[in-house]
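Please find one structure pasted underneath; my questions will follow.
The values are calculated or read from the model by the stated rules, or taken from the named source; none is laboratory data. The structure displayed is predicted, hence computed values, not measured ones. In this analysis, Cβ positions are derived from the backbone assuming ideal geometry, glycine residues included, and neighbour counts consider all displayed protein chains.
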Amino acid sequence: MPDFLEWVTHGVKQGRFEMNAAATVGVSLVVVVLTLVTALYLMLISRTAARGRYIEGLQAQAFGLQRENQQLMVDIAEQSTVSGLRERAEALGLVAAETIEFVADLEQ
Amino acid sequence: MAEGPRRRLMLLITLLVGSVIVVVIQLVKVQVVDHEFYKNWALEQQVRAITMDTPPRGVIRDRGGHLLAGNGLRYAVEAAPAYIVDKAGVADQLASVLHMPASHIETALSSRGHDQQLRQWVLLAPSVSRDVGEGVKDLNVSGITVRPLWERSYPQGTLASHTLGFSTMITGYYGVEGYYDVMLRPEVVEWVGPVDVASLPIPWQPVAGELPRRGVDLELTLDRTVQTLAEQELLRSLGEYGAEAGTIIVMEPETFGILAMASYPTYHPEQYVELAALASPPFEDPAVSKQYEPGSVFKILTVAAALDSGMVTPQTTYNDQGWIEVGGQTIRNATRRAYGVSTVTELLAKSLNVGAAWLSRDMGPDVFYSYLKGFGLGERTGIDLAGEVAGQLWLPEDVEHWHPSNLGTNSFGQGVAVTPLQMAVTVATVANDGVRLRPHVVGRRISPDGAVSVYRPVEVERVISPETARDLTEIMVRCVEDEVTLARVEGYRVAGKSGTAQIPVPGGYAREGTIATFVGFGPLPDPELVILVKLDRPKTSPWAANTAAGSFQRLISELFTVLGIPPEEGRLVVEVGPR
């Protein structure tokens, strides 16, 4: 116990730590490697997130286009109903044929 | 070291060590002992299952590619009140676009839940039009979300409504929508992963690249133009003959594909909510879901059975005394007249009940009913429409219901119930040289990946021989040429038979009102169309020969023109020309 207290009080009294050159290099190396790994990990996560957002955007765009497409199909069908076409034809002055005459195609 | 600082240092160290021990114990508790609990708690907060945008339901088109059922775009307007500071101002802004009272919106935005907290989510408008939805979106108000929705749309209005059925946002009912519901439904896909505070996904891992698949598209055998003409003719007939309701079916005898199926009263499939509240909603398709006593058109089956069993030929004669007794019941002709010595051809052409009962009696129940079963009576035709019924055919083994007199009455269409489709299938079998196929309305299925499945006609049974079918066809031509002349078509040979049926009521038959049916096919010798016209309670005349036959004639004439089927003379010229 007295040795422990001596060690603590010594540290408090001295207020400084000494390290040899090899230890310094080792610690520095560890710090650099950790920094690199962290940076690479962050880069990877950031790229994945960016790609994920991009895909999400494309999906949203695809859904939007799908909605537009479906609505356009309905709009076109509404504009070209049989009754609608008939009204348009009548407005253009066309009338239904009274009789139809079939002509034989002799070249067939 | 002096005693004071030593004590203080000891105290400090003790406190620090104590604190470290407490922290370590707590860490062990959190990380080891309660590990599962905290892990799950964290996951509950971070991970959500989010349903991806739902793709559309499969669309339904006619055989020409015209859209019959599609998907329109609508919006749901929702709010997150916690994000809205000026509720009165936002309510004012929304009111003008949503056409709702501002006070109503403000009340919704300020509403509180059971815990007296502001609601996290409020649905302001469940379904608004595209214009309104985009108007709200353009306001760009914080806390207001506009979510796109699919809405089933029927751009042709009431056209073929009974055949199509209808669909809510999720489920299809009746007709094609009901029968093919599972196939038409889109795939629902949930994304499971970490979300942010706004419950939006955090894409920290690659997301699925494929979109959920939409439903399978269906292409019907129905032809929009034929369907329109059939519906117009039905409406015209109801007006002209004063009938209360009716059905018209147009089929291709070669494939048993349905070209048109029209019934009145009809409905608009988009109005299913209002219609469902009626005492008797008009959703059931009378062509496949309602049965009736067919009357004299049924004699076609009786004569077919007699001819095919070898019992008679078209020229075989019998002495029509105006009455006959079968199973203890006296059967008379509808006209109450005796026709003397008559041929089988005259029997069908003049629609003689006595002759029909003579045939069924002499054939005996075994032969007679085996042919009726062969024609598919008493069972569903198997058409791909929801809600088909089997009709009613009592057989001798049904001892509680069948009586020997049924053998006589069944021969001319009494005491037996069929659907209009069953009757059309029967006549289509004759037109198809005696082979019965399964009727169908879907011709092609198109999967989301573009794979196309084409329907191939399914042969159910050869019911009568080709020779019998041809003999019967000639007799039916005589019906049209000699008796039901209203059904004649200038330039074409058509075969047909009318039937006027009394309407059964408890204890007998109604004194007034009939069901008039005409069923026929043409042009001969290679029929391309089978048409059945059924009119309920026509007022101008009770007889099908004066009502339904006229509807048949008008419709088939128009269809010959529209479908480019030349008259007999024209076809002969085309055939002979190049030789």
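Can you name the helices (runs of 4 or more DSSP H) wholly within region B:174-263 that have at least 1 residues being within 12 Å of another protein chain (Cβ to nearest Cβ), of a type in the set (Ser, Thr, Tyr) and surrounded by fewer than 24 Cβ atoms within 10 Å (Cβ to Cβ)?
B:224-241
State which residue is farthest from residue B:384 (Cα to Cα) when the search covers only region B:435-469 and only residues that are part of a loop (DSSP other than H, G, I, E, B) and of a type in the set (Lys, Arg).
Checked region B:435-469; the qualifying residue farthest from residue B:384 (Cα to Cα) is B:456.
Somewhere in region B:518-536, is a residue aliphatic (A, V, I, L, M), in contact with a helix residue (DSSP H, G or I) (Cβ under 9 Å, 6 or more places away or on another chain) and at pLDDT below 95?
Within region B:518-536 (the criterion being aliphatic (A, V, I, L, M), in contact with a helix residue (DSSP H, G or I) (Cβ under 9 Å, 6 or more places away or on another chain) and at pLDDT below 95), the answer is yes, since at least one residue qualifies.
Right, here's the next one. State which residue is surrounded by the most Cβ atoms within 10 Å (Cβ to Cβ) when the search covers only region B:24-52 and only residues that are touching a strand residue (DSSP E or B) at 6+ places or on another chain (Cβ under 8 Å) and away from every other protein chain (no Cβ under 14 Å).
The residue in question is B:48.
A follow-up question, please. Looking only at region A:42-81, count every residue that is at the interface with chain B (Cβ under 8 Å from one of its Cβ atoms) and more than 20 Å from residue B:72 (Cα to Cα) and tell me the total.
8
Among the residues of region B:41-52, write down those that are in a strand (DSSP E or B) and either under 26 Å from residue B:135 (Cβ atoms) or of a type outside the set (Lys, Arg) (or both).
B:47, B:49, B:50, B:51
Would it be correct to say that residue B:222 is at pLDDT below 95 and aliphatic (A, V, I, L, M)?
For residue B:222, the condition - at pLDDT below 95 and aliphatic (A, V, I, L, M) - is not met.
Scan region B:301-323 for residues that are surrounded by 24 or more Cβ atoms within 10 Å (Cβ to Cβ), in contact with a Phe, Trp or Tyr (Cβ under 9 Å, 6 or more places away or on another chain) and β-branched (Val, Ile, Thr) and jot them down.
The answer is B:302, and nothing else.
Exactly one of (1) part of a strand (DSSP E or B); (2) among the aliphatic types (A, V, I, L, M); (3) farther than 30 Å from residue B:409 by Cα is unmet by residue B:503. Its number?
All conditions pass for residue B:503, except number (3).
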